[in-house]
Structure formats: structure tokens, C-alpha cells
Amino acid sequence: MSEHSGPVRPLPRPELAATAAETTPENPWPLRLLNTKITEYVNRMSALWVEGQLVQINRRPGASMAFMTLRDADADMSISLTIYARDLANSDVELTDGARVVVHAKPVFWPKRGSLQLQAREIRAVGLGDLLARIEQLKKVLAAEGLFDPRRKVPLPFLPQTVGLICGRESKAEHDVVVNAKARWPGVQFEIREVAVQGVNAVQEVTEAIIEFDRDPRIDVIVVARGGGSVEDLLPFSNERLVRVAAAAATPLISAIGHETDTPLLDLVADYRASTPTDAAKRIVPDVAEERSAIERARAQARAAIEGRLVREQAALETLRSRPVLANPGVVVDRELERLGVSLGRLRATLAAHLDRAEAEVRRLHAQTVALSPAGTLARGYAVVRNRQRQVVLDASTVQIGEPVEILLARGRLGAEVTAARPETFNHDPGPDPAPEPSPKGEQ
């Protein structure tokens, strides 16, 4: 740099964009401006009422503020919450982990930390009556959607290979299910997920365990088990998200929550509702002793049925063997031969009678035929005259004088020549035949 050159001046920066949409890679906002903008936007928000569960409560004696986290009851999300001690003193809510509350708060953004929190002004506990009313309303909604319909329920397998058990950590419910199930069928296998079954984490952990088991092809049936408890303790099992996940599971699901009188919504969507964890164990697998007894009873019944059938068939066989026909089978043959002889005699007599009648009929017809035949007519003295074309002469006008003709007699034939032709009508009573005129040439 030359010693005569003046100081280096920074290049002029472009004017900052007025809105976030106008920012570019060449003209970005500095972070402080972004946080300032967010602060301004949040400060314009009104105070509001919001519902959730209190967790991670930090309330030190003598401190002016109490710090805690407000968590959504159905989803895995939360936000920091603070309240002044004086405001908390005016509230009758008991700060305990998992308490369901509604908070009147103002959103506050801290630009230096870049964090958003709620500044509470009032905290109210959600009463048990309100929670039960909401559950009842949710129950009506789910029923209207058909999630409680018995036709949706999947039949439980007769003998599952592996059972997915969701229960509390080292809980009595786990002991009741596993011990009673193995006592009934020692070969049954369990995959166990110990989760929170009450409190703020119960919904999330139970839901995730159901989803995991439903995706595992080794799991044949899912059991959600929890011992008895207060109504508040059992509220997670009426959570809408958990209930919908259970209803959507393709793997058969058993709900064993609380005592017989407890009916969380999970019971209504489950494929089988067990009154207690022990009842669930009895429903998961069959009792091997009962199955063996049933097999023995079936075998005894089958044996008795077979023996009874053999006795009946033996008696029937003895009855058949005692019949005379089996003692002397020839009796049947002789009887049938006798019947055959009688039938044969009748057949022969009938055939002979038919033949006699047929012979008499043939004779009668023969006599009629002979009597009506030309030969019979010739035998009675008549003759047939034929011309040279061998046609029978019926009319005297059809022949000429001197034309040769043939005369057929009963025995033999004569050759002649026409010497005279007189057309006359035939007279049925011609009288004595006229003497034949002598042929000039004689017989041929």
C-alpha cells in the first residue's frame, strides 16, 4: 500500500430487506434482526388458554418464579412454562408430574437465547369430571366410526408361538401373565416391553410398543397389561391416539387393564377384553392339562364307539350265519331250479299254443290264397288268353282275325289262331257253352 494512500473505506452495504420474503443470499438478514422480528411478532400475540400436562417441575423455596414444562397429552411435543410465585400462590392447583391443567399464558420469545416459552398468569387443574366427560364424548365418536364393531375383531390364535407383552417395569401384571401362561402351556414364548403404564410417558411408550409388536412377524398376539389403579392412573388407556393405534393393529390384541369394573377405551377396541392380567393369561394359551384330558376323553369315546360297532357287527354276523341258507346253500339253488322248471314249462306251453294258432292261421291263409289265385281259377276250368305281346286279352275287339293267341290252362297251354271275333258283353248266366268252332289249322 502506498504511504500516500488514505485509509481503506468499507464498501457500502445494501439496504436491508424490509420483509423476510425480500431477503437474498447477497442481502440476508442478520440473526439479531430475525430475532427482533420474531420478538415483535410474538409480542403481538394475545394471551390464551392452553391445555397439557405438567412435567419437569422446578420450584425452589423462596424463588420468585417456578419453571416447568407443559407437554401435549397426545403428542410428543412440549414448551417451557414459567409462572411467578405470586400468581402460583393464587392458584389451587397442585404441581405434580403428569397433572392435567389448563394454563392462561402469554407467549414470550427470548431473542438472546432464541427460545420460545409461555409466561403463565393462571393455572387451573382439569377436573376428573371434565376428563371423564371428554372420554365419554370420544367414546361416542369412536363408536360412530365403527371402531367398537364386533365384526372388526380378529380371532385369537389357538396356540401362539410368541406373545408380545406390554406392561409396567417389574410389575405384578407381568408376573401374573407370564407365570399363569407358562403354567398352562410351558412352551409359550414372550417378548416383553416394560413401559410406563401411567403418567406423562405412558401414552407414548405404550403406543410405540404396540406399533413395534404389530410390525414384528414373530408376534402372534399382543397383550397390554396393567394392574388396578385409580381412574386418573388408567386415563392413558383412553387416550385417542393410543386407542386408534390399537384399533389399526393387524395382530390380535388383548387388553388387560385394571380390574373387571374398569373399562378404558382400549378394552372396547381390543380383540379380546380380559378382566385381569390373570384372565389374559388364561385366554392366551390353552391349558395343557385340560387339552390332554380332552384328548383322553376323545380317545375313550372313539374306543367305545369302535368296540360297540364291532359288537353290533359280530351279532349281525352271527345272525346271518344262523340262517338255514348259510347252513345249506344248496337249498337256495334247488328252490330257484324248481322255480325255473315251472317257468320253463309255462314258457313251453305258451310257445306251443302260439305255434298251433300260428299254424292254423297259415293254413287258413294258404287256403284263401289258393282259392283266390289265378291257378285256382284255372283249376275250375277257366283259361287265360294272351296275344302275341303276351298281354291278357280282355276284349274281342282288340284282336284280329287270324292273329295267333296263347291259351293258358290249369295244366299246360295251347297255341291257337283267332277265326272269329264277336264283341259281346259278358253275361253272368251265359248258359251252356257253345261248341267250339273247329280251327281251320288245328292246334299248334
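Taking first residues from segment 361-389 that are under 25 Å from residue 405 (Cα atoms) and part of a helix (DSSP H, G or I) and partners that are at pLDDT 85 or above and β-branched (Val, Ile, Thr), the Cβ contacts under 8 Å between residues at least 6 apart in sequence or on separate chains come to 374/384; 378/384. Right, residue 78: at pLDDT 85 or above, within 60 Å of the chain's Cα centre (by Cα), closer than 21 Å to residue 205 by Cα and of a type in the set (Gly, Ala, Ser) or not? Answer is yes for this residue. Can you name the residue in segment 286-320 that is of a type outside the set (A, V, I, L, M) and in contact (Cβ under 8 Å) with a residue 40 or more places away in the chain and, of all such residues, is farthest from residue 157 (Cα to Cα)? Once the filter is applied, the top-ranked residue is 287.
Among strands (runs of 3 or more DSSP E) entirely within segment 14-133, having at least 1 residues that are in contact (Cβ under 8 Å) with a residue 60 or more places away in the chain singles out 48-58, 65-71, 100-110, 115-125.
Do you know which residues across segment 95-105 are buried (at least 16 other Cβ atoms within 10 Å of the Cβ) and farther than 28 Å from residue 39 by Cβ? Answer for segment 95-105, where residues must be buried (at least 16 other Cβ atoms within 10 Å of the Cβ) and farther than 28 Å from residue 39 by Cβ: 95, 98, 99, 100. Residues considered: 222, 295, 306. Of these, the only one that is buried (at least 18 other Cβ atoms within 10 Å of the Cβ) and of a type in the set (Val, Ile, Thr) is 222.
Filtered by the rule that a residue be open to solvent by less than 10 Å² (accessible area, probe 1.4 Å) and hydrophobic (A, V, I, L, M, F, W, C), segment 196-218 gives 202, 206, 209, 210, 213. Which residue, of 48, 128, 118, is under 59 Å from the mean Cα position of the chain (by Cα), at pLDDT 90 or above and either surrounded by fewer than 16 Cβ atoms within 10 Å (Cβ to Cβ) or of a type in the set (D, E, K, R) (or both)? Result of the check over 48, 128, 118: 48. Scanning segment 134-184 for residues that are of a type in the set (A, V, I, L, M, F, W, C), outside any helix (DSSP H, G or I) and more than 31 Å from the chain's Cα centre (by Cα) yields 166, 167.
The condition of being part of a helix (DSSP H, G or I), of a type in the set (Asp, Glu) and buried (at least 16 other Cβ atoms within 10 Å of the Cβ) holds for only one of 262, 279, 233, that being 279.
Each residue in segment 181-194 was checked for being buried (at least 22 other Cβ atoms within 10 Å of the Cβ) and under 30 Å from residue 131 (Cβ atoms), and 0 of them qualify.
For (1) closer than 13 Å to residue 51 by Cα; (2) open to solvent by 40 Å² or more (accessible area, probe 1.4 Å); (3) among the basic types (Lys, Arg), each residue gets a yes or a no:
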{"residue": "66", "(1), (2), (3)": "no, no, no"}
{"residue": "79", "(1), (2), (3)": "yes, yes, no"}
{"residue": "93", "(1), (2), (3)": "no, no, no"}
{"residue": "107", "(1), (2), (3)": "no, no, no"}
{"residue": "114", "(1), (2), (3)": "no, yes, no"}
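Contact map, segment 146-157: first residue of a type outside the set (A, V, I, L, M), second residue open to solvent by less than 40 Å² (accessible area, probe 1.4 Å) and in a loop (DSSP other than H, G, I, E, B), Cβ cut-off under 6 Å, separation 6 or more or different chains; pairs are 153/271.
Residues in segment 265-276 that are buried (at least 19 other Cβ atoms within 10 Å of the Cβ) and in contact with a Lys or Arg (Cβ under 9 Å, 6 or more places away or on another chain): 265, 266, 267, 269, 270, 271, 272, 274.
The values are calculated or read from the model by the stated rules, or taken from the named source; none is laboratory data. In this text the structure is predicted, and so the values were computed from the model without any measurement. Ideal geometry is used to build each Cβ from the backbone, glycine not excepted, and the neighbour counts take in all protein chains shown. Only protein heavy atoms, including side chains, enter the accessible area calculation; ligands, DNA and RNA are left aside. Shrake-Rupley method; radii C 1.70, N 1.55, O 1.52, S 1.80 Å.
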